[in-house]
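**Q** Quick one: this structure, given as structure tokens, is what I'll be asking you about.
All of the numbers you see were taken from the coordinates with simple rules; none came from a lab. Computed from a predicted structure; not experimentally measured. All Cβ positions, even for glycine, are placed from backbone atoms using ideal geometry, and neighbour counts span all protein chains on display.
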Amino acid sequence: MKKKIEVNWQLFRRAAENKLTKEEQVIFNRWLQSEKSHQEYFQKAIKYYSKEIKYSAYERLELDVSYYDFIRYTRRKRLMMRRVASIAASLALLISLLFAFSHFHNEQKDITAGLQLPIEPGKSIAHLTLHTGAVINLADKSDTLISLAEAGSVLVIDSSGLMYSDKEQKNSKNSVNLKNSLTTPRGGEYRLTLSDGTIIWLNAESRLDYPVNFCSGKREITLSGEAYIKVAQLDEMPFVVHTAFYDIEVKGTSFNISAYSDDPFQILTLETGKVEVSFLENTYNQSLTLGSDQQFIFNATTNETELKRVDASKYIAWTSGYFIFDEEPLSLIMEKMVRWYDLNVIFLNSNSANEVFTGKLPRFENFEVIVEMIEKVGDADFQLEGKNITIK
């Protein structure tokens, strides 16, 4: 039987920061007094969340590096001030200087190399490819207006993301149907508002192809990766999402779709409304309709399908800054971490890969926080070397 492990991270962190409510304090005290190991770990957590202790290692590093820089400078200065009696003496001093510089430079390298720098979470970054082929790094843009005169549209880039506006020619048959693409790297996500008002949250390592405005007929976009979509309702213009294996047609609804090209499991989770799924040729021979809180899973390797009822909020929690896992093996959890933290992960045994977790973790904490909580409640042992993660 698989081992079910609860990760009550939010309660634990608020306790470490002394922010519990009275009711939460009662629950936490019971846990704290149940085992001595809980008390010991809680003391470590208090130190971890103390800013003074959390950053002391980096402050010491800066002091050490500054100290070695000072030694190199003062030694060089003293040598330059000495009168050189002969060429041989000059060469000897030069060799000594170079040796000293190399020695302390290597010591500085050793200090830096011995420190595991924090693995920071992803952030709002993406690249926008215009119909002209021009590529815009959206991480470098804010409060920007771009006129797309050919399509009668204006592109707005601000702190909330990317927004298209074509109020004057909305749904006009005379509009030019120009295409743009939005791509997020590993460790990136981005929010996009299409010209019809549809809002899309694009997750890490994903690509979305879409028109600048919707001229007539169907509103069609193409997705590779993961996105949460809140479709603006326009009864006369159905909204269609194309993926590698099937198409999704809606009129006004919200849903999450995970359609990564390197993942055999293509997962569609409907939050509200209804959607119709139509398969492409040579994949699956039927179509189906989903209702609220239903999930459809298609195995692209075996062509097997599964339709089940779920709590859709768990699958869109990433748009609100959380990872939520429900009896999920560590191997699948780490797939999400790889994309969000831009990691390379290797499992040394199947036991750790198959260990099952249930819980809620923060999406915008450094990866070390996630590791600490998983190691505390599970049997997996993480070894971090830069962004290379070994799990045994």
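**Q** What is the packing order of peptides 322-333, 220-231, taking the mean over residues of other C-beta atoms within 10 Å and listing the highest first?
**A** Numbers: 322-333: 17.3, 220-231: 21.4.
Put in order of decreasing packing, that is 220-231, 322-333.
**Q** On to the next question. With a point put 7 Å past each Cα toward its Cβ, work out how far Glu276 is from Ser331 in nm, to one decimal.
**A** My value for the distance between the label points is 3.8 nm.
**Q** Quick one: divide the alpha-carbon radius of gyration of region 233-290 by 2.2 N^0.38 Å and tell me what you get.
**A** Numbers: Rg = 11.6 Å, N = 58, 2.2 N^0.38 = 10.3 Å.
That ratio works out to 1.13.
**Q** Can you list residues whose amide H is under 5 Å from Asp342's amide H, if they're 5+ apart or on another chain and H is modeled 1.01 Å from N?
**A** So Asp342 has HN proximity to Gly187.
**Q** So how much slack lies between Ser181 and Ser292, counting 0.36 nm per residue of separation and subtracting their Cα-Cα distance, in nm?
**A** Values: separation 111, 0.36 × 111 = 39.96 nm, distance 2.92 nm.
This chain segment gains 37.0 nm when fully extended.
**Q** Follow-up question, since we're still on this one. Using 11 Å as the cut-off for backbone N distance, which residues of region 115-132 belong to the label zone defined by a point 7 Å from the Cα of Ile146 along Cα→Cβ?
**A** Inside the label zone: 127-132.
**Q** Need one number: nm distance between label points at Lys123 and Glu306, each 7 Å from Cα along Cα→Cβ, rounded to one decimal.
**A** Label at Lys123, label at Glu306, 3.7 nm between them.
**Q** Right, here's the next one. How high is the relative contact order of region 289-334, in percent, counting Cα pairs under 8 Å that sit 6 or more residues apart? If you can, show how the numbers build up before the last one.
**A** Details: 34 pairs, mean separation 11.6, N = 46.
Here the relative contact order equals 25 percent.
**Q** If you project the alpha carbons of region 238-326 onto their three principal axes, what span does each projection cover, largest first, in Å?
**A** 37, 29, 20
**Q** Under 10 Å from the Cβ of Val241, count the other residues' Cβ atoms, weight Lys and Arg +1, Asp and Glu -1, and hand me the total. The partial results should precede the final answer.
**A** Numbers: positive: Arg219; negative: Glu220, Asp247, Glu249.
Net of charged neighbours comes to -2.
**Q** A further question follows. What share of the DSSP beta bridges in region 211-345 is antiparallel, in percent to the nearest 5? Walk me through the intermediate numbers first.
**A** On the way: 34 of 38 bridges.
Around 90 percent antiparallel, to the nearest 5.
**Q** What span do the alpha-carbon atoms of region 300-392 cover on each of the three principal axes, reported in whole Å from largest to smallest?
**A** 40, 32, 24
**Q** If you place +1 on the Cβ of every Lys and Arg, -1 on the Cβ of every Asp and Glu, and leave all else neutral, what size is the dipole of region 263-392 about its Cα centre, to the nearest 20 Debye? Mind showing how you got there, number by number?
**A** On the way: 11 positive and 21 negative charges, 48 e Å.
So the magnitude is around 220 debye.
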